[in-house]
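A short worksheet on the structure shown next.
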Amino acid sequence: MATGNISDASLKYFEEKKIKSLLEEAMHDLLLDLPQDPLTYLLERFDTPTSLRLIVSGPPGSGKGTQCDLLARAFGLKHISVGDILRQAATEETERGKKIALFVTKGTLVPDDLFVNIVIEKLREAEQSHKGWLLDGFPRTRAQAIYLQKAGISPQRFFYIDVSDEISSKRLLSRRGDATADKTNRGGSDRVPAERKVSVRMDDTPDVIGTRLKYFAARKNELVECYAPFYVHIDGSLDVESVFEEIKIQVTSLDVFVQGHHE
Ligand code: AP5
C-alpha cells in the first residue's frame, strides 16, 4: 500500500540506505554552521566521517553505566560517565572537590558551573580520539541540554533506559550489599566489569537513593522533551544481555550508516 505519494519500494529504499539519517545529520550541521555556500558545504560534509554521538539516560540504577561499558567496548566509543567524573573530583582536596562532594553524598544535583565545561571538553576530545562518544548521566536538566546545544553538540540517539523505582532501589541496595558482603555479582552478566557490579558508593544508602530517584523524576519530562526527535525507549527491567541487545540493534544501524558513509 502506498503512503501518500511515496511508494513502499521508495520507503524501503530510504530505510535500507539510511537516507533519513544521512539527511538529518547533514541538515543538523548545516543549520549549526549556516555556511555561505551550502552546496559546497554539503558535498564536503557528505565526504567527512561522522562520529557516533549517543546519550544514555535513565533513573539511578537503570543500568546506564553497565550498558555504556558494553557499548563502548563493542563499538569503540568513549564512555563519558559524569557520575564517575564527579566522584573522582569529589575525592580531591580542593575547594571545588569539597563542594562537589557535598552534593554527590546527598544525592542532589551538582551545580553546573562546577563541571559542565569539563564534560564539553571531554566530548570534543572523544570526537577526535574515538569513533564517537556515549554520554552517561548528562544532561539531567533542560539547562544542561541547552549548554550542549550552545556548544553545538547534539546526539543521534537519546536512549532512555526505563525501570521502576522499585527495581532501581533493589539493584542499588543489592550493589551495596554485594560490595560490603562477599563481592558476589547479582548483575546478571559475565560481561559486566567487576567494578560496575559491586561498589561501595557513598550514595547507595536507602535515604540517598530516595533523594536521587526524586531528583531524577522531577526533571525527567523536561529532559525527554528536549530530546524528543532522538528519543528511544529501552525496557531496562530485562536482564543485562537483553537490554544490551535492544540498544545494540539501534547503534548498529547508526554504526553502519557512519561506517558506510566514510568507506
Ligand atoms: P551517577 O553516577 O550518574 O548515578 P545514578 O544516575 O544515580 O546512576 P548509577 O550510576 O547508580 O546507576 P546506573 O544507571 O549507571 O546503573 P549501573 O549500570 O551502575 O550520578 C551520581 C551523582 O552524581 C548524582 O546523584 C549527582 O549528585 C551527581 N551527578 C551526576 N550527573 C549529574 C548531572 N548531570 N548534573 C548534576 N549532578 C550530577 O547498575 C546499577 C546496578 O544494577 C549494578 O550493580 C549493576 O550490576 C546492576 N544492573 C545493571 N543493569 C542490570 C540489569 N539489566 N539487570 C540486573 N541488574 C542490573
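Only residues that are part of a helix (DSSP H, G or I) and buried (at least 20 other Cβ atoms within 10 Å of the Cβ): list them for the range 204-225, please.
209, 212, 216, 223
Among the residues of the range 134-153, write down those that are among the aliphatic types (A, V, I, L, M) and surrounded by 15 or more Cβ atoms within 10 Å (Cβ to Cβ).
If the condition is that a residue be among the aliphatic types (A, V, I, L, M) and surrounded by 15 or more Cβ atoms within 10 Å (Cβ to Cβ), then 134, 135, 145, 148, 151, 153 are the ones that fit.
Residue-by-condition table, conditions (1) more than 16 Å from the chain's Cα centre (by Cα); (2) modelled with pLDDT under 95; (3) within 24 Å of residue 129 (Cα to Cα):
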position	(1), (2), (3)
62	no, no, no
71	no, no, yes
75	no, yes, yes
89	yes, no, yes
94	yes, no, no
97	yes, no, no
101	yes, no, no
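For residue 173, all conditions in the list (1) over 14 Å from the mean Cα position of the chain (by Cα); (2) more than 15 Å from the ligand (Cβ to nearest atom); (3) of a type in the set (A, V, I, L, M, F, W, C) hold save one; what is the number of the exception?
Residue 173 satisfies every listed condition except (2).
What is the one condition in (1) part of a helix (DSSP H, G or I); (2) surrounded by 12 or more Cβ atoms within 10 Å (Cβ to Cβ) that residue 9 does not satisfy?
(2)
Looking at (1) surrounded by fewer than 19 Cβ atoms within 10 Å (Cβ to Cβ); (2) basic (Lys, Arg); (3) under 24 Å from residue 205 (Cβ atoms), find the lone condition where residue 131 falls short.
(3)
Under the condition of being over 20 Å from residue 65 (Cβ atoms) and open to solvent by 20 Å² or more (accessible area, probe 1.4 Å), which residue from the range 82-105 is nearest to the ligand (Cβ to nearest atom)?
In this case the residue turns out to be 102.
If we scan the range 195-203, do we find a residue that is modelled with pLDDT of 95 or more and within 23 Å of residue 76 (Cα to Cα)?
no
Residue 79 is checked against (1) in contact with a strand residue (DSSP E or B) (Cβ under 6 Å, 6 or more places away or on another chain); (2) open to solvent by 10 Å² or more (accessible area, probe 1.4 Å); (3) in contact (Cβ under 8 Å) with a residue 60 or more places away in the chain and fails just one. What number does that condition carry?
Only one criterion in (1) in contact with a strand residue (DSSP E or B) (Cβ under 6 Å, 6 or more places away or on another chain); (2) open to solvent by 10 Å² or more (accessible area, probe 1.4 Å); (3) in contact (Cβ under 8 Å) with a residue 60 or more places away in the chain is unmet by residue 79, namely (3).
Please list, ordered by first then second residue, the pairs with beta carbon atoms under 7 Å, 6 or more apart or interchain, first in the range 163-178 and assigned to a helix (DSSP H, G or I), second open to solvent by 70 Å² or more (accessible area, probe 1.4 Å) and at pLDDT 90 or above.
173/206
The values are calculated or read from the model by the stated rules, or taken from the named source; none is laboratory data. Not measured: the values here are computed from a predicted model. Cβ coordinates were reconstructed from backbone atoms using ideal geometry, including for glycine residues, and neighbour counts include every protein chain displayed. Just so you know, the surface numbers come from the protein's heavy atoms only, side chains and all, with ligands and any DNA or RNA stripped out. Shrake-Rupley method; radii C 1.70, N 1.55, O 1.52, S 1.80 Å.
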